[in-house]
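Down below is the structure, laid out as structure tokens.
The values are calculated or read from the model by the stated rules, or taken from the named source; none is laboratory data. As the structure is a computational prediction, the values presented were derived from the model and not from experiment. Note that we place each Cβ from the backbone using ideal geometry, even for glycine, and neighbour counts take in every protein chain shown. SASA here: full protein model, heavy atoms, side chains in, ligands and nucleic acids out. Shrake-Rupley method; radii C 1.70, N 1.55, O 1.52, S 1.80 Å.
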Amino acid sequence: MTTKEIHLELLLGKQVLDSNGKAIGRIEEVRAQQQGEEWLVEEYLIGYAAILERLSAWTIGLRILHLLGARKIYGGYTVPWDKLDLTNPDKPRLRCSLEELKSLSPEVQNVDETSANSGKNE
């Protein structure tokens, strides 16, 4: 198997295209695991929800978005390392359909409801 090194800092923020050339979001985080002296990429987080995931800031992030006037936030995707074509690192492309990817948030998040419910004691 051929391995290729890519500077991850150059991938962050790159727009990812699906197999039809439609933009699905930007690479916001890369998850990797150390194996010996190397780090191997396991998955990429793509889309707006990935920003909140990266910052571990779902609750406060949704409240801030609500204050800024957002009413809904659409999720992002978790893309396994082998499902992202990095042949051209400037234009990453999916090697699968969107339906095959794991969603970061299973549904569209309603900012109003999530913000209101996050302050309640259970």
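Tell me, please, whether a residue that is at pLDDT below 90 and open to solvent by 30 Å² or more (accessible area, probe 1.4 Å) can be found in segment 86-99.
To start, the set of residues in segment 86-99 that are at pLDDT below 90 comprises 98-99.
Filter once more, keeping what is open to solvent by 30 Å² or more (accessible area, probe 1.4 Å): 98-99.
The answer is yes; a qualifying residue exists.
Right, Glu5: open to solvent by 70 Å² or more (accessible area, probe 1.4 Å), modelled with pLDDT under 95, of a type outside the set (Lys, Arg) and in a helix (DSSP H, G or I) or not? Criteria not met by Glu5.
Residue under question is Gly75, and the condition is that it be assigned to a loop (DSSP other than H, G, I, E, B), modelled with pLDDT of 65 or more and loosely packed, with under 13 Cβ neighbours inside 10 Å; does it hold?
Details: assigned to a loop (DSSP other than H, G, I, E, B): yes; modelled with pLDDT of 65 or more: yes; loosely packed, with under 13 Cβ neighbours inside 10 Å: no.
No, not satisfied.
On the given criteria, is Ile27 in contact (Cβ under 8 Å) with a residue 40 or more places away in the chain, β-branched (Val, Ile, Thr), more than 12 Å from Val79 (Cβ to Cβ) and open to solvent by less than 70 Å² (accessible area, probe 1.4 Å)? In short, no.
Quick check, is Glu42 at pLDDT 70 or above and either open to solvent by 100 Å² or more (accessible area, probe 1.4 Å) or closer than 15 Å to Pro89 by Cα (or both)? Working first, answer last.
Working: at pLDDT 70 or above: yes; either open to solvent by 100 Å² or more (accessible area, probe 1.4 Å) or closer than 15 Å to Pro89 by Cα (or both): no.
No; evaluated as a whole, the condition is false for this residue.
Regarding Arg54, is this residue open to solvent by 40 Å² or more (accessible area, probe 1.4 Å) and modelled with pLDDT under 70? Lay out the reasoning, then the answer.
Numbers: open to solvent by 40 Å² or more (accessible area, probe 1.4 Å): yes; modelled with pLDDT under 70: yes.
The answer is yes for Arg54.
Filter segment 100-122 down to the residues that are polar (S, T, N, Q) and within 14 Å of the chain's Cα centre (by Cα), then identify the one that is modelled with the highest pLDDT. So, considering only residues that are polar (S, T, N, Q) and within 14 Å of the chain's Cα centre (by Cα), the one modelled with the highest pLDDT is Ser103.
Among residues of segment 2-21 that are within 11 Å of Lys91 (Cα to Cα), those with a Cβ under 9 angstrom from a residue that is part of a helix (DSSP H, G or I), sequence gap 6+ or separate chain, pair up as Asp18/Leu98.
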